[in-house]
Amino acid sequence: MCKPGGTCTAGGHWSAGCPTLISSKMPYFAKLLLLIFCLVLLVESRKHRRRRWTGQLEVQRASRIYKKNHDVTKTWKGKTEQLLRVNNHDFTMRPAFGGPAIPVGVDVQVESLDSISEVDMDFTMTLYLRHYWKDERLSFPSTTNKSMTFDGRLVKKIWVPDVFFVHSKRSFIHDTTKDNIMLRVFPDGHVLYSMRITVTQMCNMDFSRFPLDSQMCSLELESYAYTDEELMLYWKNGNESLKTDEKISLSQFLIQKFHTTSRLAFYSSTGWYNRLYINFTLRRHIFFFLLQTYFPATLMVILSWVSFWIDRRAVPARVSLGITTVLTMSTIITGVNASMPRVSYVKAVDIYLWASFVFVFLSVLEYAAVNYLTTVQERKERKLCERFPCTCGIPHSQFMMLDENCSESDANSLAGYTRNQMVPEEEKQQKMVVHLAMSNECHSPRKRGQKGHVGLRIIRNSHAIDKYSRLIFPGTYIFFNLIYWSVFS
């Protein structure tokens, strides 16, 4: 039988967690399973009671901590405007109106330098701009001397400095998910006013050394309405007022230095104003322009020299090579100027590209000269052949030797005999026709000296022009590169 107290006996047992009566006639194995089930239910019910008791204890502890950190200024039962007495003062006027200038300290934390545009001559920067001043009208009683923090809604009801960015093109305050504005008021009336701003500022750049240049840009802050007699704008901690993120980097520039300065700005119609400057220096990375501009231009110049090793009679090959290099250089120059502002002075990259273009163009003119002189020379040989048919079988090299020396002994050697060798008179006269035909042209070079002989040989032998060009063109271009990189690097 089961006892009324709810304890289990050896016969038919009744337990507080058992819904039914366990019959003594049930098998022993079934009795064991049912007993285990009852024990599990009992243990779970005790755990549930313990959790509820622990939760109540944690709530009591949290309430004690909350009471310990309790601040009267944070739990003011009235409105914020009543605590700060906003409605009791005219906040359209600056603090200490009619008295000395109110000092407003400024510090800036640069979050990112987003972009630099050479075409528009500007840069885009995202920063945290913070103002510090004291307005006794906002002082409030506090037992713990703790500040109160507000968002941008209170800013419209109190006086704040009217700082703006001089020479800025665009600027805005971030508003995701709310306006990124923070106002912190201390019991003694000191105010911290912070904003997150992105500004696009004009930067006067000098591209005379582009792309081997360094640019100096500045972000300028100034009060719009208040002169230096009414508002004194200053850097709160000197050079320490400017903080930058170490991860700031640009693809084309190396940021070398950030520093702050301040000076007075004068307007003829309104007076003197305090102006703050954030200055930074940018040095351009040259590697991109080496790959995209200098290296292709140098390859085109070297490619134009290949025509000096091509046969002078291969007109299509040399002409097509020259035209291709000229057009490629024109494309490179056009591409570089398309990404640059239209300045009225010569840039360093222009000097290099146009010098390379001149070298390519001169290689085309060199072949034009070679081709013209070759045509003139062949025309003279045809006329000589028509006048003296016996000279048609003489090689061209013998004409050049005869033209340079122009002596009877050389003519005899060309004819196949020496002065002491006896040959028939008719054969001698027939082979000396070349010397007689060119004797008038031989006397004038002899009077000019050795330099005249060399110059005449270069002019009459068009193949020699290619030989000299193989040395003159590379040597001159290497000398130009040495001067260029020593001056601009």
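Remarks
- Taking the criterion of being basic (Lys, Arg) and part of a strand (DSSP E or B), the residues of the stretch 170-185 that qualify are 170, 184.
Okay, residues lined up against (1) open to solvent by less than 70 Å² (accessible area, probe 1.4 Å); (2) part of a strand (DSSP E or B); (3) in contact (Cβ under 8 Å) with a residue 12 or more places away in the chain:
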position: 198; (1), (2), (3): yes, yes, yes
position: 212; (1), (2), (3): yes, no, yes
position: 219; (1), (2), (3): yes, yes, yes
position: 234; (1), (2), (3): no, yes, yes
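- Number of the exception - residue 350 against (1) open to solvent by 30 Å² or more (accessible area, probe 1.4 Å); (2) part of a helix (DSSP H, G or I); (3) without any contact (Cβ under 8 Å) to a residue 24 or more places away in the chain: (1)
- Single condition residue 283 does not satisfy, out of (1) more than 30 Å from residue 94 (Cβ to Cβ); (2) open to solvent by 50 Å² or more (accessible area, probe 1.4 Å); (3) without any contact (Cβ under 8 Å) to a residue 60 or more places away in the chain: (3)
Table: residues versus (1) in a helix (DSSP H, G or I); (2) at pLDDT 90 or above; (3) surrounded by 15 or more Cβ atoms within 10 Å (Cβ to Cβ).
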{"position": "313", "(1), (2), (3)": "no, no, no"}
{"position": "319", "(1), (2), (3)": "yes, yes, yes"}
{"position": "324", "(1), (2), (3)": "yes, yes, no"}
{"position": "331", "(1), (2), (3)": "yes, yes, no"}
{"position": "342", "(1), (2), (3)": "no, no, no"}
{"position": "346", "(1), (2), (3)": "no, yes, no"}
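- Selection from the stretch 266-285 of residues that are over 17 Å from residue 125 (Cα atoms), assigned to a strand (DSSP E or B) and either at pLDDT 95 or above or over 33 Å from the mean Cα position of the chain (by Cα) (or both): 266, 267, 271, 272, 273, 274, 275
- Residues being open to solvent by 30 Å² or more (accessible area, probe 1.4 Å) and of a type outside the set (D, E, K, R) - total across the stretch 140-167: 11
- When 243, 247, 257 are screened for being open to solvent by 80 Å² or more (accessible area, probe 1.4 Å), part of a strand (DSSP E or B) and at pLDDT below 90, only 257 passes.
- Of everything listed in (1) within 18 Å of residue 225 (Cα to Cα); (2) outside any strand (DSSP E or B); (3) touching a residue at least 40 places away in the same chain (Cβ under 8 Å), the single unmet condition for residue 142 is (1).
- Selection within the stretch 186-196: residues that are of a type outside the set (Lys, Arg) and in a strand (DSSP E or B). The member of this set that is most open to solvent (accessible area, probe 1.4 Å) is 190.
- Of all residues in the stretch 116-139 being in a loop (DSSP other than H, G, I, E, B) and farther than 23 Å from residue 203 by Cα, the one that is farthest from the chain's Cα centre (by Cα): 139
The values are calculated or read from the model by the stated rules, or taken from the named source; none is laboratory data. Only a predicted model underlies this, so the values are computations on that prediction, with no experimental measurement involved. Backbone-built Cβ (ideal geometry, glycine too); neighbour counts: all protein chains shown. Each accessible area value is taken on the protein alone, full model and side chains, heavy atoms only, with ligands, DNA and RNA left out. Shrake-Rupley method; radii C 1.70, N 1.55, O 1.52, S 1.80 Å.
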